[in-house]
Structure formats: structure tokens, C-alpha cells
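Novice: Got a structure for you, written out below as C-alpha cells; questions coming shortly.
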Amino acid sequence: MRASKKWPKRLAIALSISIVFASAGTYFFNKTASTAIPRSKALDGAKQSSDGGTNILLLGLDSRRDNNGGNLPRALLDLMHVGSSSAIGGYNTNTMILIHIPAGGKKAVAVSIPRDDYVAVHGYGNKKIKEAYGYAKYSEDSRLYKLGVQNPDREHQAREAGRTSTIKTITALLDVPIDHFAEVNLVGFYDLANALGGIQVCLKNAVNDKQYSGAVFPAGLQTISGVDALKFVRQRHGLPNGDLDRTHRQQAFITGVITKFRTQGIFADLSKLSGLLNVAKKDVVIDSGWDVLGFLPKAKALTGGNITFHTLPIESYGFRDSQSVNVIDEVKVKKFVQDLFYPTPVPKGSPTPSPTTTKAANQANGKAVSGSGIPCVN
């Protein structure tokens with residue numbers, strides 16, 4: 001596994017925003033949440049699902065800058081154990097998860113896209129899929145700079161180019177429509193963890209990664225918050241499967257978020273509710289066509305924990321353009337997603353087919369701790 005010091009998977013906040021919408025469809029949320037959260041036109045004109053289901057893309061953006069292009073405070077970066085915007089802060093999408101919510105109340109499925117998958121990036125040839133955003137963002141930023149466009153307008157327009165490139169790349173790779181998306185910036189994960197006041201997770205083994213992520217945790221079920229939550233999902237060094245184990249931690253964290261919303265009465269706590277809305281307004285961007293109140297019935301399936309997680313299959317690891325990459329079979333990847341999202345109906349009494357998979361893609365998160373619903377991960 002590769003060992004670059006990069007930002008990990010950060011998407012639980014985006015899913016949590018959906019849960020906020022699902023559980024609080026009041027006048028306040030209609031007038032505040034749905035209008036105050038920044039919107040993007042990157043999906044305008046894109047093909048939409050026609051079967052009554054909904055596909056939602058969650059993106060975690062690897063940037064040490066805020067949504068207006070300003071540097072995040074140095075003290076905050078130090079607290080989060082990450083580098084500065086000048087040293088590390090690119091615009092990679094190190095989190096990419098596509099959630100499919102079928103029509104008719106069937107169980108939702110989520111597919112993680114490993115960030116180092118080597119694919120055809122829209123407009124830039126074969127690259128790591130995480131780089132689709134950064135290449136397009138940089139190109140548009142350079143063009144706008146020459147035209148004299150100033151920040152924050154230049155940053156906003158350049159990020160729109162990055163989102164558009166990422167969405168087109170993922171759509172072509174998976175051959176499924178994307179109906180909605182939510183993007184969260186780096187500091188959003190930290191803000192979410194604080195707003196929720198702690199999330200339960202479970203580790204199979206104790207870990208000690210002071211040098212890189214700063215993660216030092218005992219084995220077993222535990223509650224993490226703030227910086228510790230950040231360290232939990234950031235660690236890749238010392239884990240048996242590197243980035244894939246970090247993907248499983250991301251999925252486990254989301255499970256913890258959903259469990260907390262379902263069992264802890266978050267929406268009866270006005271201070272936590274207000275904090276979540278503040279996080280959404282500051283750290284999240286969603287597509288312009290997302291009718292959050294109309295989405296309520298589908299989102300309720302997520303709040304009930306009615307979702308399973310998967311990871312796209314990887315064939316092998318190799319080197320391309322002097323970089324370590326994940327080598328994939330795009331035909332297998334498309335079939336994997338089609339089998340999960342749109343399974344062929346089978347006659348009664350026949351065994352239910354499972355999606356084509358590989359050992360790397362099929363590594364389980366681990367059994368849940370009895371009574372908690374929380375999976376134990378590496």
C-alpha cells in the first residue's frame with residue numbers, strides 16, 4: 001500500500017445533512033436549511049434516474065482552504081494534525097461514495113470509490129480518479145486569473161469546474177446517473193464531530209500511529225469526538241490493507257452517525273440541531289436541484305440504518321505516470337454497480353445473486369458489537 005500523507009475519507013457530514021432534512025421538515029428547516037446551504041449547478045442538465053430511485057454522490061474535498069478560497073487557520077490545522085494549504089492542500093476528492101436509494105422502500109446500498117483508481121478523467125486522460133476535481137479546478141482558476149476575476153468569485157467558479165469534471169468522470173466509470181451530490185470541505189469533518197458530541201466506533205485491535213495520523217486508540221467499542229474522530233478516519237499507516245481499511249473506517253463512522261441519530265434523540269436537542277445546521281451552511285455544498293423537503297421519505301430509510309456498504313473491486317496495484325495506482329477492470333466495475341443498484345429480478349425460490357466482486361472489494365467491516373449495531377474494523 002502507498003504511504004503518502006494525504007487527507008482521508010470525509011463524508012459523514014454530507015450524509016448527516018440528509019438525515020437532518022429527513023428528521024426535521026419544519027418551517028424553520030424549509031426556510032433556513034434549504035436556502036442557506038451553498039448550491040452548485042454542476043448537475044444542471046445531467047441525466048437523472050428514471051426508475052423512481054435516487055443516486056446521491058458524496059464528495060470529501062482534500063483542501064486546506066475554506067469554501068471562499070481563504071486559508072484555514074494555522075492553529076486549527078495543527079490541532080487536526082494536517083499540513084498547511086501551501087504544503088499539501090490540493091483539491092483531490094479523497095472521499096467518493098455513491099448511495100443508491102431504490103424506489104419502494106427497499107434497502108439502500110452505498111459504494112465507495114477508492115481514490116487511487118486509475119481511470120479516464122474527463123478532459124485530462126488517464127489519472128487517479130481523485131485528481132479529476134483538481135485538474136479541472138486548476139485549469140479554470142488559471143483561466144479566470146488571466147481574466148482578472150478575483151476571489152471569492154474565482155474560487156467558486158473554479159470549484160464548479162472541478163465538481164463538473166468529477167461528476168462526469170464518475171458517471172462514465174460507473175454508467176449510472178447521479179441525481180444529487182453533496183460536497184464537504186476538510187474542516188467540515190472536524191466541525192461535524194464536535195457538533196454531534198461523539199460517535200461510537202469499534203476497533204478490532206489497538207492502534208498507535210503517533211507519527212502520521214496521530215491515532216492512538218484501544219481495541220473495542222468506544223466513543224470518539226473532535227480531533228479523535230478525525231484521527232480515526234485518517235489513519236492508514238500500520239493497517240493491514242492501507243487505504244481499503246481506511247475506507248472501512250469511513251463506512252463504520254457513517255454507521256455510527258446513523259446509529260446516533262436513530263437512538264440518541266439528536267433532534268430533541270436544539271443546541272446539537274443548531275450546530276449541525278451551522279456546519280451545513282459553512283462546510284457543505286449541494287446541487288441546485290435538491291428539493292430537501294421532497295427528499296424526506298427517501299432519506300428516512302437512511303435514518304433507520306437501512307443501508308449496506310460496499311467498495312469497488314480492485315484488480316491489482318501498479319505504477320502509472322510514476323505514481324502508485326489501483327488497477328481496475330472497468331467492465332467488472334460497471335457490472336458490480338449494476339448488480340448492486342439494479343439487480344435482475346429472480347423467480348421465487350431461486351437463490352439471490354450477489355454482485356461480481358474481488359477479494360479486495362469484498363473485505364468485510366467485521367461483525368457488529370452485540371446490541372450496538374456498530375461494526376468492528378481494523
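Novice: Can you find, within the range 282-297, the residue that is modelled with the lowest pLDDT among those that are more than 18 Å from the chain's Cα centre (by Cα) and under 18 Å from residue 108 (Cβ atoms)? Full working, then the answer.
Specialist: Applying the first criterion (more than 18 Å from the chain's Cα centre (by Cα)) to the range 282-297 yields 288-289, 291-297.
Restricting the remaining residues to those that are under 18 Å from residue 108 (Cβ atoms) gives 292, 294-297.
Details: 292: 68, 294: 70, 295: 74, 296: 60, 297: 63.
Residue satisfying both the conditions and the ranking: 296.
Novice: Here are some residues: 346, 369, 337, 331. Which one is modelled with pLDDT of 60 or more, of a type outside the set (Ser, Thr, Tyr) and surrounded by 14 or more Cβ atoms within 10 Å (Cβ to Cβ)?
Specialist: 337
Novice: Report, by residue number, each residue of the range 195-206 that is surrounded by 20 or more Cβ atoms within 10 Å (Cβ to Cβ) and not in a helix (DSSP H, G or I).
Specialist: Of everything in the range 195-206, those that are surrounded by 20 or more Cβ atoms within 10 Å (Cβ to Cβ) and not in a helix (DSSP H, G or I) turn out to be 199, 200, 201, 202, 203.
Novice: Residues 172, 136, 161: which one is in a helix (DSSP H, G or I), in contact with a Gly (Cβ under 7 Å, 6 or more places away or on another chain), modelled with pLDDT of 95 or more and among the aliphatic types (A, V, I, L, M)?
Specialist: 136
Novice: Still on this structure: Determine whether residue 184 is of a type in the set (A, V, I, L, M, F, W, C), surrounded by 22 or more Cβ atoms within 10 Å (Cβ to Cβ), over 30 Å from residue 47 (Cα atoms) and within 16 Å of the chain's Cα centre (by Cα). First the steps, then the outcome.
Specialist: Numbers: of a type in the set (A, V, I, L, M, F, W, C): yes; surrounded by 22 or more Cβ atoms within 10 Å (Cβ to Cβ): yes; over 30 Å from residue 47 (Cα atoms): no; within 16 Å of the chain's Cα centre (by Cα): yes.
When the stated conditions are applied, residue 184 does not pass them.
Novice: Could you give me the residue pairs with C-beta distances under 6 Å whose first residue belongs to the range 304-328 and is over 29 Å from residue 255 (Cα atoms) and of a type outside the set (D, E, K, R), whose second residue is modelled with pLDDT of 90 or more and surrounded by fewer than 16 Cβ atoms within 10 Å (Cβ to Cβ) wherever it lies, and which are 6+ apart or on separate chains?
Specialist: 318/327
Novice: While we're here: Any chance the range 214-224 includes a residue that's modelled with pLDDT under 85, within 16 Å of residue 184 (Cβ to Cβ) and in contact with a helix residue (DSSP H, G or I) (Cβ under 6 Å, 6 or more places away or on another chain)?
Specialist: No; the residues of the range 214-224 include none that is modelled with pLDDT under 85, within 16 Å of residue 184 (Cβ to Cβ) and in contact with a helix residue (DSSP H, G or I) (Cβ under 6 Å, 6 or more places away or on another chain).
Novice: Follow-up question, since we're still on this one. When you scan the range 16-115 for strands (runs of 3 or more DSSP E) that lie fully inside it, which ones turn up with 2 or more residues that are modelled with pLDDT of 90 or more and among the small types (Gly, Ala, Ser)?
Specialist: Passing ranges, in order: 108-112.
Novice: Which condition does residue 215 not pass, out of (1) buried (at least 24 other Cβ atoms within 10 Å of the Cβ); (2) within 20 Å of the chain's Cα centre (by Cα); (3) under 26 Å from residue 117 (Cα atoms); (4) free of Cβ contacts under 8 Å to residues at least 60 places away in the same chain, if it passes all the others?
Specialist: Here residue 215 clears every test but (2).
Novice: Return a yes/no flag: does the range 193-202 have any residue that is at pLDDT below 80, in contact with a strand residue (DSSP E or B) (Cβ under 8 Å, 6 or more places away or on another chain) and within 26 Å of residue 70 (Cα to Cα).
Specialist: Yes, some residue in the range 193-202 is at pLDDT below 80, in contact with a strand residue (DSSP E or B) (Cβ under 8 Å, 6 or more places away or on another chain) and within 26 Å of residue 70 (Cα to Cα).
Novice: Further question on the same structure: Regarding residue 300, is this residue basic (Lys, Arg), under 27 Å from residue 50 (Cβ atoms), at pLDDT below 95 and not in a loop (DSSP other than H, G, I, E, B)? So that I can check it myself, show each step before the final result.
Specialist: Values: basic (Lys, Arg): yes; under 27 Å from residue 50 (Cβ atoms): yes; at pLDDT below 95: yes; not in a loop (DSSP other than H, G, I, E, B): yes.
Against the criterion (basic (Lys, Arg), under 27 Å from residue 50 (Cβ atoms), at pLDDT below 95 and not in a loop (DSSP other than H, G, I, E, B)), residue 300 qualifies.
The values are calculated or read from the model by the stated rules, or taken from the named source; none is laboratory data. As the structure is a computational prediction, the values presented were derived from the model and not from experiment. Methodologically, a virtual Cβ is constructed for each residue, glycine included, from the backbone with ideal geometry; neighbour enumeration extends over all protein chains shown.
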